[in-house]
1. State yes or no: is A294 among the aliphatic types (A, V, I, L, M) and in contact with a strand residue (DSSP E or B) (Cβ under 9 Å, 6 or more places away or on another chain)?
2. Go through the range 258-286 and give me each residue that's out of contact with any helix residue (DSSP H, G or I) (no Cβ under 8 Å at 6 or more places or on another chain), open to solvent by less than 70 Å² (accessible area, probe 1.4 Å) and not in a loop (DSSP other than H, G, I, E, B).
3. Under 7 Å between Cβ atoms, at least 6 apart or on separate chains: pull out the pairs that start in the range 41-56 with a residue that is at negative phi and end on any residue that is at pLDDT below 80 and open to solvent by 100 Å² or more (accessible area, probe 1.4 Å).
4. Conditions: (1) within 23 Å of I196 (Cβ to Cβ); (2) surrounded by 13 or more Cβ atoms within 10 Å (Cβ to Cβ); (3) aliphatic (A, V, I, L, M). A294 meets all but one. Number of the miss?
5. Among the residues of the range 214-251, write down those that are aromatic (F, W, Y) and open to solvent by 30 Å² or more (accessible area, probe 1.4 Å).
6. I'd like the full set of residues that are open to solvent by 100 Å² or more (accessible area, probe 1.4 Å), charged (D, E, K, R) and within 30 Å of G182 (Cα to Cα), limited to the range 34-58.
7. Identify the residue in the range 239-270 that is among the polar types (S, T, N, Q) and over 20 Å from A227 (Cα atoms) and, among all such residues, is nearest to the chain's Cα centre (by Cα).
8. Contact list please: Cβ distance under 6 Å, first residue in the range 192-213 and in contact (Cβ under 8 Å) with a residue 40 or more places away in the chain and at negative phi, second residue assigned to a helix (DSSP H, G or I) and of a type in the set (D, E, K, R), pairs at least six apart or on different chains.
Amino acid sequence: EVYKGASSYTRCVYEINLGNADICVSNFWETDERRAMVPFTSYLDIDEVKMVTDYAGSSDDLNIGDFLNIFAPFSWEVWGCFTAMLVVGGFLMAAVPLWLGMSGNFDPSEPKAHTMAMSMYMVMLSYWNAGTEHTASNWPARLFLLGIAWCVYIHVASFTASLASFLSSDKQEIGLVDSFAGMKASGEQLCVLEAIAPLIELDRSRLLLSDDYGAGVEMLYAGACVATLLGKVELLLYLKAQKAAFTVCTAECSTSLCLTTCTNATNTADKVDLDCKCSAPLKKPSECPDECPAFRKY
């Protein structure tokens, strides 16, 4: 009998058991359970597993937080320190000349509170105008003004360069989860190949198992899980190149298991052909949606 399943490991064991092969080379996972059943040789290649998740938005999608992006080049601690420096500078620009009895920018007859407030306002304005607003008529004021001007110059130059770099950066697509740690914290389900489930440090109740990568990708697309795990070849075949064709028994898929073939004879597995061709040679797949409903669907 010809093996019709999707597992390369099961196919290898099946063919060797029948005597059709003495050794089998394939892209299966070497797990503890499998080592207990059959001997393995040294590996010929190491796979790179990627966690694939669904699209949740883009970094350039407008939201209420975008109005605060003007402050993004500096942390809030830096903004707080710089604001405190301006407030202290404005206070000293008015207070020291008054305490020393020297003439300054303000009328001595004005209330001291008004003088302090005006001085701080002028220092703040000097930042937005990228230049000093005070005039210094004595040496204490000149020294304070020199320090304020230097700090404003450094801060404005750094902020302008950082803001230009921040705003000109490419947009980033945002997924439902951004790491395996995020996956664990999300409480959502992960679609994973049944063979590698023992290797995943996640509660078994949160795993939606499949006997083929295609079923896992299809379940991710259907929203049954928020992420799936793919090897480097499968990532290319199913998502980047989309050259794969597979079946999924959608009628029997549950929250814990989804297979490529149906166990109930009355059900029929759905075929997903990502690289479908129209029966009419000159037609593009997009022109025959009835024949190729799954063409490049991912």
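The values are calculated or read from the model by the stated rules, or taken from the named source; none is laboratory data. These figures come from a predicted structure and were not determined experimentally. Every residue, glycine as well, gets a Cβ built from its backbone with ideal geometry; the counts of neighbours run over all protein chains shown. Each accessible area value is taken on the protein alone, full model and side chains, heavy atoms only, with ligands, DNA and RNA left out. Shrake-Rupley method; radii C 1.70, N 1.55, O 1.52, S 1.80 Å.
1. Details: among the aliphatic types (A, V, I, L, M): yes; in contact with a strand residue (DSSP E or B) (Cβ under 9 Å, 6 or more places away or on another chain): yes.
Yes, satisfied.
2. Once the filter is applied, which keeps residues that are out of contact with any helix residue (DSSP H, G or I) (no Cβ under 8 Å at 6 or more places or on another chain), open to solvent by less than 70 Å² (accessible area, probe 1.4 Å) and not in a loop (DSSP other than H, G, I, E, B), the range 258-286 yields D273, P285.
3. Short answer, once both residue conditions are applied: Y55/E173.
4. In the conditions (1) within 23 Å of I196 (Cβ to Cβ); (2) surrounded by 13 or more Cβ atoms within 10 Å (Cβ to Cβ); (3) aliphatic (A, V, I, L, M), A294 misses (1) alone.
5. First pass over the range 214-251, keeping only residues aromatic (F, W, Y): 221, 238, 246.
Correct list: Y221 only.
6. D45, E48, listed by residue number.
7. T261
8. L209/E194; D211/E194
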